[in-house]
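The block underneath contains the structure these notes are about, expressed in structure tokens.
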Amino acid sequence: MHAEERHRTILRQVRENGSMRVTDLAAELGVSPVTVRKDVELLAERGLVSRVHGGAMRPEDAAGTMPPVASSGPPGAGRPLRLGLVVPSADYYYPEVVRGARDAATAAGARLVLRVSDYDPEAELAAAGQLVGDGVDGLLIAPSQDGGTALGRHWCEDLGVPVVLVERRPGEDAPAVEHVATDHVHGARLAVGHLVRGGRRRIALVIRGSTPTSPWIRQGFFDGLRAAGLPATGEGSLFDLGAEVRGSGGYDRATSEFIWAAASGRIDAVIVHPEHDALALLQRLRERGLSVPGQIAVVSYDDEVAALADVPLTAVAPCKHEVGRSAMELLLLRLADPQRPRRRMFILPELNVRASSEAQRTQPNI
């Protein structure tokens, strides 16, 4: 159906019924709610309809006392805001981000609606479209990867509502999109600096290069080595587990190479991302008879359960609650003042020092 036909259908429904809902018309026409929402925005710009929360109504009725759907507006304009949040996971990393966003929304009197994509870009597309079609005023989205999702070029702008990315950075296709993310470059540099101050000089990074976070951790790792005057070529200091599953041939080969390097003395410290691999490597090191932190110091990148390891792990701790809270506050500011200058924010992670990275003891002079 062409745009002109959709426009005529919208105008007919508004004229005959006094109002229309985006979701109902999208289902009737067999198009996406995002498409209908854009049609409504265009007709509203022409003064042919009045856009309201979730749909449209006749302009002459917009100030009436019985609109079929509540009118949209900034906080305090007559109804609670309804905001959407799309995250990749509900059981690792993101629960605390969600709590931070929820706490900020609750403080503002807004309602938060959650969707989980399970790291599926197509599911992100569907979830974002459903939330917009259901009439949310704005969205927080944590895509599966940096730079966007299956929504493609200008994907955030195409949604038709304000969007703030969470723990991801927009690509060059979306220069105006705001975001709040952990500064993982800083986090990795924190870990390297801590190990260097503890006397470690042969520092390695074990990482899953397939994760969206890994490029920033890798950058911070090599930046930290260079700042300390240590070799930063990557040869012999970077072990990439890729997307291999623990117990697979690729995973076992990579971890065995790392264990051999540690046992031969080529490495005296390691930063491991993500946390569950840090716990597994700690166990492998101890099974091999290597003492932690005596022969090798271990730092986990993430701090969900690192303190519960048999040798409590020093860990870089992203401030996840603050990321969620700050992202929601940024979205609320955008809704209150659409013309305000756009912002991109980084939240600095913290380093929680524990037994696994105690400083090396030097032998006294005799």
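Averaging 1/r over every pair of different alpha carbons in the chain and inverting the result gives a Kirkwood radius of 22.9 Å. Net charge in the neighbourhood of VAL311 (other residues with Cβ under 9 Å of its Cβ; Lys, Arg +1, Asp, Glu -1) is +1. A DSSP coil position with no more than 15 other Cβ atoms inside 10 Å describes the following GluC sites (Glu not before Pro) in segment 231-313: GLU235. Once the 1.4 Å probe is applied to the protein heavy atoms, the chain comes out at 46 Å² accessible per residue. Gyration tensor over the Cα atoms of segment 1-61: the corresponding equivalent ellipsoid has semi-axes (square roots of 5 times the eigenvalues, largest first) of 16, 11, 11 Å. Evaluating kT/(6 pi eta Rh) at 20 °C and 1.002 mPa s, with the Kirkwood radius of segment 251-328 over Cα pairs in the Stokes-Einstein relation, gives 162 µm² s⁻¹.
Checking the a/c ratio against 1.5 first, then a/b against b/c, what shape does the Cα gyration tensor give for segment 172-292? Taking the square roots of the gyration eigenvalues as a ≥ b ≥ c, segment 172-292 is oblate. The Cβ shell under 14 Å around PRO80 holds other residues with a net charge of +3, Lys and Arg each +1, Asp and Glu each -1. Based on the Cβ-Cβ distance from GLU350 to ASP24, what FRET efficiency comes out when R0 is 56 Å, to the nearest 0.05? The formula returns an efficiency of 0.70 here.
Here the sum of -39500 (n - 2.57) over DSSP H runs of 4 or more residues, divided by the residues of the chain, equals -12000 deg cm²/dmol at 222 nm, to the nearest 500.
Calculated on the Cα set of segment 276-366, radius of gyration then Dmax: 20.0, 71 Å. In units of the rule-of-thumb radius 2.2 N^0.38 Å, segment 79-126 shows an alpha carbon radius of gyration of 1.21.
The values are calculated or read from the model by the stated rules, or taken from the named source; none is laboratory data. These numbers come from a predicted model, not from an experiment. Here the Cβ is made from the backbone with ideal geometry for all residues, glycine too, and neighbour counts use every protein chain on show. Note: areas computed on protein heavy atoms with side chains; ligands, DNA, RNA excluded. Shrake-Rupley method; radii C 1.70, N 1.55, O 1.52, S 1.80 Å.
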